[in-house]
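See structure below.
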Amino acid sequence: MDMHALYEESFKNLKEGGVVEGTIVAIQQAGVVVDIGYKSEGLIPASEFSSAEIAALKVGDTIQVYLEEREDSEGNLILSKEKAAKMKVWEVLEKSFENGEVVDGKMVSKVKGGMMVDIGVKAFLPGSQIDLHPVRDLDSLVGKTFPMKIIKMNHRRGNIVVSRRVLLEESRDKKRRAAMATLEDGQLVDGTVKNITEYGAFIDLGGIDGLLHITDMSWGRVNHPTEVLSVGDRTQVVILKYDKETGRVSLGLKQKTPDPWTKVEQKFPVGTRVKGKIVSITDYGAFVELEPGIEGLVHISEMSWSHEVRHPSKLVSVGDLVDVLVLMVDRDNRKISLGMKQVTANPWNAVEGKYPIGSKITGKIKGLTDFGAFVGLEEGIDGLIHISDMSWTKRLTHPSELFKKGQPVEAVVLKVDKEKERLSLGFKQLQSDPWETGIAEKYRVGDVVKCKIVKVTDFGVFVELEEGVEGLIHVSETGIEPSSRIGDAMQIGDVIRAQIIRMELPERKIALSIRTYKNEQERAQKKDK
């Protein structure tokens, strides 16, 4: 091959290679003339240089240039310093990509789907590759520089995709492995609160997360983890259990201090009077905090000597300070029974002296039942008027026939049972018993009396002989045919005459008969004839 052919072949290879090293042979107003060998010179346009760069150049300096595939109008080669520099950067980046090396990327701007990054050339950083977790404010990252890795590149198209997340994952995994290698049950470690849920908090121990359950945050009551911790807090925790196979770590905060229940019997012996704070109220009672981590229950039955406490909220509210008496301590089951009423005198201890048997009392009807009426005498003291002690003569079917709720009433004390906290009262005892004051002398068997019907039943009618004295006319003694209804023939309020046929004073019963009375009348009429 002759020299000309050799030159042509070398020049062809030169153009295909793109970047060559040349020597500056002249510095002109139009640009810098560079000898690239092979009897070839080219021009780098002045627009590619700053004034400072032009001033620093001198003839004979070597420079990296890129040979454009086009020529100027005079057939001169066109060279580019900028493209040569970019080609050099691409070469370096390709090696970094092949070797998995780290590059520094400066966040340039936010674009659709991620960020544009400057790593010497423009590269795309997808939003999913920016951090381990989604980043909402991408604008705040503009201007910042982070280490990254090239995960995809296409020189021909000029596309480069980078990732910061892969480095963060590598760092996290490295920290995780290092942390896992040192973890042991019972170890005291520092961590950062990463996330909070309803049931606890996740703590970052430096590459590995552990769960601090809400029940392990405090020996006392915790309604929500945010009462104890906030996201970002630095805290020291105890490793309760570390499962090396699954990587799960259970943490404790309360375990840093001794369990207060271990000495609860010594601190709060039965019979001790203490002050506590109401921390929770339920239908059956109120929980009282005696000290952090120690709570006791005041059952609703132990709140007041009165038996009318319908709900604990009627007596106490959350946050109230109350005096209580320790009734029972169960350390194993972490239970303390407390009493509020026990810190005040039991009114029943003085009831015998205040309400002696036979004394007359005044109160108000507080409630009515089928068997009697309850009378309120004072706070915590109620008495019962049994239905049998309401009237000497009237047969009441319900106390409401005589009393109404809230009605003032007088009564006589019949019996006091301090142990069972019962006070029996009598209403009829305010008056003398008519059966013991002349009924036997006033009425005798065979007497004909004028009486008023006060009650009609299927088995007969009750009649009133006088105020407080009643008798019964059995249906068989009414003279009504068996096929007839007694209610059709006799009405309440009717005044009739009947004959007394039987008197049972011990049972307070008087039996009368209309039939006998009429028969006697007929016999007397016949006799007169």
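Where a number appears in this text, it was derived from the coordinates with a stated rule and is not lab data. Given the structure is predicted, the values throughout are model-derived calculations rather than measurements. In this analysis, Cβ positions are derived from the backbone assuming ideal geometry, glycine residues included, and neighbour counts consider all displayed protein chains.
Each peptide in 518-526, 466-474, 236-244 gets a packing score, the mean of other Cβ atoms within 10 Å over its residues, and the list from highest to lowest is 466-474, 236-244, 518-526. Take the Cα radius of gyration of the stretch 359-406 and divide it by 2.2 N^0.38 Å, N being the number of residues; the result is 1.12. Sorted largest first, the principal axis extents computed over the alpha-carbon atoms of the stretch 174-318 equal 68, 31, 25 Å. Three principal axis extents of the stretch 260-343 based on alpha-carbon atoms, in descending order, are 36, 21, 21 Å.
Stretching the chain fully between THR192 and SER304 yields a gain of 35.5 nm (0.36 nm per residue, less the alpha carbon separation).
Averaging the sequence gap over all C-alpha pairs within less than 8 Å and six or more residues apart, then dividing by the number of residues, gives the stretch 100-168 a relative contact order of 35 percent.
Arrange the following residues from fewest to most other Cβ atoms within 10 Å of their Cβ: VAL34, VAL189.
If I rank by nearby Cβ atoms, fewest first, I get VAL189, VAL34.
This model, with +1 at the C-beta of Lys and Arg and -1 at the C-beta of Asp and Glu, gives the stretch 100-168 a dipole about its Cα centre of some 280 debye. Amide hydrogen proximity for LEU251: with H placed 1.01 Å from N in the peptide plane, the residues at 5 or more positions away or on another chain lying under 5 Å are LEU211, LEU212, HIS213, LEU240.
Taken over the stretch 183-256, the percentage of Cα pairs per 5 Å bin, counting from 0 up to the bin with the maximum distance, is 3, 19, 32, 26, 15, 4, 1. The charge dipole of the stretch 260-343, taken about its Cα centre with unit charges on the Cβ atoms of Lys, Arg (+1), Asp and Glu (-1) only, comes to about 120 debye. Cross-link partners for LYS88 among the lysines, with Cα-Cα distance under 17 Å and sequence neighbours closer than 8 places in the same chain left out: LYS15, LYS122.
Would you mind estimating how fast the chain diffuses translationally, via Stokes-Einstein at 20 °C and 1.002 mPa s with the Kirkwood radius over Cα pairs, in µm²/s? Stokes-Einstein gives a translational diffusion coefficient of 59 µm²/s.
Counting Cα-Cα pairs of the stretch 100-168 in 5 Å increments starting at 0 gives whole-percent bin shares of 4, 19, 33, 27, 12, 4, 1. In order along the stretch 323-329, phi translates into HN-Hα couplings of 8, 9, 10, 6, 9, 7, 10 Hz, rounded to whole numbers, per the Karplus curve 6.51 cos²θ - 1.76 cosθ + 1.60 with θ = phi - 60° and x for Gly and Pro. Karplus-based coupling profile of the stretch 52-64, in residue order and whole Hz: 5, 5, 4, 5, 7, 7, 8, 4, x, 5, 8, 8, 7, with θ = phi - 60° in 6.51 cos²θ - 1.76 cosθ + 1.60 and x standing for Gly or Pro. The stretch between GLU504 and GLU91, if pulled fully straight at 0.36 nm per residue, gains 135.7 nm over its current Cα-Cα span.
Suppose a student asked you for the relative contact order of the stretch 260-343, using Cα pairs under 8 Å spaced at least 6 residues apart; what percent would you report? For the stretch 260-343, the relative contact order is 35 percent. Pairs of Lys residues in the stretch 441-528, spaced 8 or more positions apart or belonging to different chains, with C-alpha separations under 30 angstrom: 20 in total. For LYS394, a cut-off of 15 angstrom between C-alpha atoms picks up these aspartates and glutamates, skipping any fewer than 8 places away in its own chain: ASP433, GLU464, GLU466, GLU467, GLU470, GLU507. Dipole of the chain computed with +1 at Lys/Arg Cβ and -1 at Asp/Glu Cβ about the Cα centre; of ALA85, GLY42, MET503, farthest Cα towards the positive end is MET503. The modelled label-to-label distance for the pair VAL102/SER476, using points 7 Å beyond Cα in the direction of Cβ, is 11.6 nm.
For the stretch 347-430, the ratio of Cα radius of gyration to the globular rule of thumb 2.2 N^0.38 Å stands at 1.01.
Between the beta carbons of ASN346 and LYS256, assuming R0 = 25 Å, the FRET efficiency works out to 0.05 to the nearest 0.05. A simple rule links phi to the HN-Hα coupling: the Karplus curve 6.51 cos²θ - 1.76 cosθ + 1.60 with θ = phi - 60°, which for the stretch 454-471 gives 10, 7, 10, 10, 5, 9, x, 10, 9, 10, 9, 7, 7, 4, x, 10, 10, x Hz, with x for Gly and Pro. Overall size of the stretch 403-529 from C-alpha positions, given as principal axis extents largest first: 71, 33, 24 Å. For the stretch 457-529, the Kirkwood hydrodynamic radius comes to 13.2 Å, computed from all pairs of different C-alpha atoms. Charges on Cβ only, +1 for Lys and Arg, -1 for Asp and Glu, centred on the Cα centroid of the stretch 347-430; of THR362, PHE374, ILE387, which one is farthest towards the dipole's positive end? Result: ILE387, furthest along the dipole toward the positive end. My understanding is that a pair violates if its Cα-Cα distance is over 20 Å; which of LYS110/LYS144; LYS275/LYS420; LYS86/LYS110; LYS86/LYS112 do that in this structure? In this structure, LYS275/LYS420; LYS86/LYS110; LYS86/LYS112 lie more than 20 Å apart at Cα. Its Cα centre serving as origin, the stretch 183-256 has a Cβ charge dipole (Lys and Arg +1, Asp and Glu -1) of approximately 160 debye.
Between the residues VAL412, VAL449, GLN429, the greatest Cα displacement towards the positive end of the dipole of the chain, with unit charges on the Cβ of Lys, Arg, Asp and Glu, is found for VAL449.
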